[in-house]
Structure formats: C-alpha cells, structure tokens
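The values are calculated or read from the model by the stated rules, or taken from the named source; none is laboratory data. The structure displayed is predicted, hence computed values, not measured ones. Cβ coordinates were reconstructed from backbone atoms using ideal geometry, including for glycine residues, and neighbour counts include every protein chain displayed.
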Amino acid sequence: NAGVTQTPKFRILKIGQSMTLQCTQDMNHNYMYWYRQDPGMGLKLIYYSVGAGITDKGEVPNGYNVSRSTTEDFPLRLELAAPSQTSVYFCATATGGSEAFFGQGTRLTVV
Amino acid sequence: KQEVTQIPAALSVPEGENLVLNCSFTDSAIYNLQWFRQDPGKGLTSLLLIQSSQREQTSGRLNASLDKSSGRSTLYIAASQPGDSATYLCAVPMNSGGYQKVTFGTGTKLQVIP
C-alpha cells in the first residue's frame, strides 16, 4: 500500500523556471493538501482540495497553482520560480475528521 | 484564527527518562488532535490520533491526552530511547468555512542522549 507518493524527492530550479510537483494517493481520501515547510518553521498551507474538481487557496498561495482532476492526483505547479520558494513541500491526504497522512516531501532549491 | 503552540521548542534528555511534550491551541472546536514525528530530512509519521470526544490514546510507550476545554494536549514518552530523537508536531483539524483546515504547531525538537 503506497499511501501518499510525491515526486520528485529533490529538485534544483533556476530563477524563472517552472515545474510541477506530483502527489498521488491510493487511499481514496477526499481531502488533499499542499504544505511548505521552511527551516525551523511550522507547516504552512499552500492549497487544498476537498474533492475532484474543487480546490481553494490556503495561507500562502502566491506563486503556485493546483488542479484536482481525479481523486488520486493533486499536482502543485510553480510558475516563474523565485528564491523565496526554496522549501520542503509536503502533500497530505485525509478524510473529514480523520487521520492525516503525509508524503515524504520534495526538497526544492531555487537558485 | 486557530493558533497552535508547542512548548518547549527543544528538549534534551538522558536515555531512560520519561518526558512530556506540550501542545496548546486557541480554538477548541476541533475534530481531533494528531501527533506526528518528523525525522531530519523526512516526512511526517503519524503517532497518535485523539478524537475530540476522547481524553487519551496510547500506543506502546506513547500516551497522548486531550483537554479540549483548556485547549491542551500532552504527549508522554516513557523510558525514552535515542531512537526517539526527532521533531514532534501536533496538528488540529477543524471546520473552517466548510472545509477541514489543519493547523500545525512549530514542533518540539527532542534529543535523547545515550
């Protein structure tokens, strides 16, 4: 049982480049989340989705976009990467009121 | 706005000691409270989930308590081991504008010294 799978694990981007962070889950959870974690800081919510076709902004959405065409997939798109987007990105899933499960993270460096 | 605070931010104890990590939250209208462990450079691993109607949960050497009325949870680790060294995070999901929003604390970094 794979749970929540994130790819890639590591990536270095140049300023202005774009990329997509992939997140796939096989638990049939309706809620999916994208967080970023900066060194010594807590997790901050970027975007979330309550089901296929439904997404909304979290606390720090600027510079990111998401889509949710299926229950399983919730990709995070970075357009015009900036050094401020250097962080570790985590995808998580949950059903309403239940335990949350996290992927292993994507470590992104923008230079 | 829900705010989650974890105290202390860092803790260093000798092996074998019992210890308590604290998590406090400002809004008691939570679905549940979840404790996670994060190893350096790794993702979050769920340790314990306490539903809002429960007072405590136990798993092995870990015991988590929840007092919604006072906005507090504790994670008790018995007979600590060097392998317990990690950052421990608490998270509280609650209804926010019709969806489940999860707020995390900033974590307690635990070091267990052999």
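Applying the criterion of being of a type outside the set (A, V, I, L, M, F, W, C), under 16 Å from residue A:22 (Cα atoms) and at pLDDT below 95 to the residues of the stretch A:72-101, the residue that is surrounded by the most Cβ atoms within 10 Å (Cβ to Cβ) is A:93.
Among the residues of the stretch A:44-84, those that are more than 14 Å from chain B (Cβ to nearest Cβ), over 30 Å from residue B:88 (Cβ atoms) and part of a strand (DSSP E or B) comprise A:65, A:73, A:77.
The set of residues from the stretch B:1-43 being part of a strand (DSSP E or B), surrounded by fewer than 14 Cβ atoms within 10 Å (Cβ to Cβ) and hydroxyl-bearing (Ser, Thr, Tyr) comprises just one member, B:12.
Any chance the stretch A:33-43 includes a residue that's at pLDDT 95 or above and in a loop (DSSP other than H, G, I, E, B)? Scanning the stretch A:33-43 turns up no residue that is at pLDDT 95 or above and in a loop (DSSP other than H, G, I, E, B).
If you filter the stretch B:16-60 down to residues that are without any contact (Cβ under 8 Å) to a residue 12 or more places away in the chain and under 14 Å from the mean Cα position of the chain (by Cα), you find that the one that is nearest to the other protein chains (Cβ to nearest Cβ) is B:45. Residues that are in a loop (DSSP other than H, G, I, E, B), among the small types (Gly, Ala, Ser), out of contact with any Pro (no Cβ under 6 Å at 6 or more places or on another chain) and in contact (Cβ under 8 Å) with a residue 24 or more places away in the chain: does the stretch B:61-68 have at least one? No: the stretch B:61-68 contains no residue that is in a loop (DSSP other than H, G, I, E, B), among the small types (Gly, Ala, Ser), out of contact with any Pro (no Cβ under 6 Å at 6 or more places or on another chain) and in contact (Cβ under 8 Å) with a residue 24 or more places away in the chain. The residues on offer are A:93, A:55, A:70, A:106, and the sole one that is over 18 Å from residue B:90 (Cα atoms), in contact (Cβ under 8 Å) with a residue 24 or more places away in the chain and out of contact with any helix residue (DSSP H, G or I) (no Cβ under 9 Å at 6 or more places or on another chain) is A:106.
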